Structures are given as structure tokens and as C-alpha cells.
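Structure record follows, encoded as C-alpha cells.
Here, each number is a calculation from the coordinates, and none is a lab measurement. These numbers were taken from a predicted model, which means no experiment stands behind them. When we count neighbours, we look across all protein chains shown, and the Cβ atoms used for this are built from the backbone with ideal geometry, even at glycine.
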């Protein structure tokens, strides 16, 4: 398999999804702004579905299901054995997620309180808090929908049909954009309700898309009577620790949001949310794409006894992650406020909101390489059937996050939660990496050791140039949408060009390496 080619397929579709997500968030900033209504939606109603999407679609279910599916498919019964296992898993997953969703709907009030810290600093009226609970109840069905979609997406990923699963989130963003654009209300509360409804509509569209794609691929799942056989029990045993391990950053963000709702003023949750959405753009393009590809690839290599090839694949994964992540990190550190201004400063989202959101983005970006590397390193554990080690490290990182929040929120306000999340992720990735090395499951090869310091130098050169030039773009970032988007495109394009040139000047990449990245060799 050509890792770069597969990442290009997944990353291209993820790019479409993330660009649509930015358009969605721009519309939300325009029509909802940064106040209680936006905090209620972003911090509670959309936070829980987003977390489950990350845990199931990009984490726990894939980590538990894909290696077992591949093992069954490689057995004496071939793909028929894999499909049979998938049907048995579906028979148990379906009633579990339905009952779980119903339980959450019943418990929506305490869940809203926990996720928001009761909005203690905002002193909401009973009517405002009831509004937040209502938004949560509208979006909660998305949890069941995305859980079922994750099973189908896992099968398609195992069949190397990565693009189909990567395209599914586009439908969620299209549904939300349509809701905001066509049905936004007279005030921010009505529009927030439209946002919530469009989340569940988007979940229905995602599930239908994957059902259709499985049918086209010759995978027609039959519903069976639920039965906990040994294989399903093993999968369920793997899911819980995998959820904590793969979703450490999401759990950290959930804790940070709750503490922000409890300790910070109105709008703080929204600043953190929009900053996280921008930070998620490179994470979605790089980390999630690499994680999606690496898990089934490494599990197949290890099942065939090809340990060295699995290690080589992970080396190239780390190399690609840093090559694509370091410039984004530098851009968000240096030009966070201009980026936020160009995208969100419009309508109800004013200049002060943009400034505060920019601070949060800079804090988040410190941990961006770590967020991505967690996605690259955890497949090294999951492909070997080890979901317990990542969960231990995740729990430690969560403790670091909580302590960091409690220390930093009184000192630096809403910048504290993003910075604590970044530091916690850095601790997590350090433990994941060192343990893989200690066990002999990973060793940085000569190519990776040569390139990493050169990539850092190239990113620093790009950052210095962007810092020197960013003020030239200020007059254009407050104009009409087409003008500000064009200015941002030029700024980003110039940064990418400078980084590319710097990579050649520092010797991080040569012409032969670029040919390999374009698929002319299969060694990468």
C-alpha cells in the first residue's frame, strides 16, 4: 500500500469536510455570535455528539473492531468469516446504543449541568437552562446514528475503501450549513435550535450513505438476534479502554469545557470551541486520516508476521505527520488573530471576540503535533490487541489536564483550558512513544532522525516570514467575505510556498523524495 496516496484520498475528502465546517462555523458566528445560546450549543448540545463521533468513528470502535474483523477475514472462511463477525457485532451494538441513547435523553438535565458546569458564572435563568437541555435532547440521537455508521465505516476501511467513510462527515456539514443558511431564526436562540436539528438530520444522512456504500461493495448486513459469543465479548472488552485511550484529547476538551462553563464568563466556551474547530482542521486532515489508514494496514502486516514492514510504515506515518503539522502549528502560533478575524469576525461576532478566540487558538496549537502523533502511535498498540496501555496513559493525561485547568484558569482565564489540553496531550504522546520504543515495537530509522530537525527549521523559517508579513493583510480581513477569504488564501498559500522552499533549502526533502511522495516509489 502507498501510504501517501491513501492519505491523499482520505485527506482530500477530509479537507472538503473541514472547509465546509469552517463555512458552517462562520455562519454560526454571524447568526449566533458568542453568548449563552452559542455556549449552550457549542459547549453542550454539539460537544457530546462530537465526542462520540471522535471516540467511535475515529477511535474506540475502529480500534476494537478492525483488527478482529481483519483477523476473521484472514481465517479459513475468508471474507465470509469477517462479515459474519460484523453481523454478530451489529446484533449487539444496535440494542446497546439505542438503550444508551434513551437513557441519555431521560438524563439530559444532569448531563447538561455536568457538561457546562451549570454555566455558573453566566447565572442563567431557568428558561435559559431549559433551553440548553432542549438542545441536548435534540442532538442526542446522533450518538446512536454515528455508532452504527462507525461499524459500517470500519468494514469499508478494512476493504481499503477509505474514501467512502471519509466522505460521510461532508453530509453532516452540508446539513448544518443548509440549516443555518436557509432556516436561521430571528434571534440567536432560534438559530441555535436550527443548528441542533440539523445535527441529527446530518447523522441520518451519514448512516444512509454508509448503508448504500456497503451495499455497493457487496456487504449486506443482516440483523440477527443479539448473542454475546466469545468474539463479541472480546470486542466489547476492547472498546471501553480504547475509548479512553483514543479519545483522551476529546475527554480533556470535555473537562476543559465543563470547567470553563463553571469558572468563566459568557462567551468563553464559544471562544474555546471556535479555536478548537480551527485546530481540528489539520488534525482532521492529517491525524485522523493517518490513524484511519495505519490501523488496518499495521494490523494486516502484523497478522502476516511482517513486523519490520509495520515499523517502517509507522516511521513514515510519523514523518508525514510532522511534515504536515509543523507549519500549521507555526501559523496558528504566529497568525492566530488574523485567521480568526478573517473567518469569524462578522455579524454578532465582534473584534473583541476575535481577539480572545485568537489567544485560545495559539494555546491549542502548542499541542497540535501531539494531537496528531497520538493518532499515529496508538495503532501500534491497537494492532497488537493492546488497548489497556493507551488507556493508562490517557488517564494520566486527563489528570494533568484537570490540574492544569485549575492552576491556569485563575491566571489566564479562557486561555487556560486550551493550554492545559495541549500540555496534557504532549504528556500522553511522550508516554506512548517511549513505551513503544521500550518494548521494541518502534525504532526511529535514519531517515526519520535526519528529517525531523530539518522540518523544524523549515517551519521556523516560514513562521518568521509570516510574522513579518501578516500586518500587510490586516486591511483586507475586515472587508466583504470574498475579500477576507481571498486575503486568507493568499496568506496561507504564501506560507505553504515558503515552507516548501525552506524544506528544500534545509535538506529536509529532495527531488527524489517528492517523486516518492507522488507515488512513483512504494517505499513511502
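A few notes on this one:
- Paramagnetic reach from residue 351 (point 7 Å along Cα→Cβ, amide N under 19 Å) across the stretch 455-475: 470-475
- For the pair residue 237 and residue 430, label points projected 7 Å from Cα toward Cβ lie 3.3 nm apart.
- Diffusion constant of the stretch 75-169 at 25 °C, which comes from Stokes-Einstein with the Kirkwood Cα-pair radius and 0.890 mPa s, µm²/s: 153
- Whole-Å distance, taken between Cα centres, linking the stretch 225-240 and the stretch 298-333: 30
- When you count the other C-beta atoms within 10 angstrom of each residue and take the mean per peptide, 272-278, 503-509 line up highest first as 272-278, 503-509.
- With R₀ set to 45 Å, the beta-carbon distance separating residue 163 from residue 102 gives a calculated FRET efficiency near 0.85.
- Relative to one another, the C-alpha centroids of the stretch 429-458 and the stretch 376-400 are positioned 17 Å apart.
- Debye intensity ratio I(q)/I(0), log10, the chain, q values 0.06, 0.12 Å⁻¹ (C-alpha model): -0.27, -1.15
- Peptides 92-100, 146-154, ordered by how many other C-beta atoms sit within 10 Å of their residues on average, highest first, read 146-154, 92-100.
- Taking other C-beta atoms within 10 Å as the exposure proxy, 269, 339 rank 339, 269 from fewest upward.
- Normalised size of the stretch 297-350, defined as Cα radius of gyration per 2.2 N^0.38 Å with N residues, equals 1.96.
- Spin-label model, residue 182/residue 87: points 7 Å from Cα along the beta carbon direction are separated by 3.8 nm.
- If you bin all the Cα-Cα distances of the stretch 448-490 at 10 Å, starting from zero, the percentages per bin are 26, 32, 24, 15, 3.
- Relative protection proxy for 427-439, 380-392, from highest mean packing down: 380-392, 427-439 (other beta-carbon atoms within 10 angstrom).
- Remark on the stretch 367-423: hydrodynamic radius 12.4 angstrom, per the Kirkwood mean of 1/r across alpha carbon pairs.
- Among 181, 359, the ranking by other beta carbons within 10 Å of each residue's beta carbon, starting with the fewest, stands as 181, 359.
- Fraction in percent of alpha-carbon pairs per bin - 5 Å, the stretch 169-211: 6, 27, 30, 18, 11, 6, 2, 1
- Ordering 346, 271 by the number of other Cβ atoms within 10 Å of each residue's own Cβ, fewest first, gives 346, 271.
- If R0 equals 56 Å, the separation of the Cβ atoms of residue 468 and residue 228 corresponds to a calculated FRET efficiency of about 0.35.
- The modelled label-to-label distance for the pair residue 125/residue 504, using points 7 Å beyond Cα in the direction of Cβ, is 6.3 nm.
- Relative contact order (%) - criterion: Cα under 8 Å, at least six apart; region: the chain: 22
- Förster radius 41 Å - calculated FRET efficiency between residue 444 and residue 497 (Cβ-Cβ, nearest 0.05): 0.90
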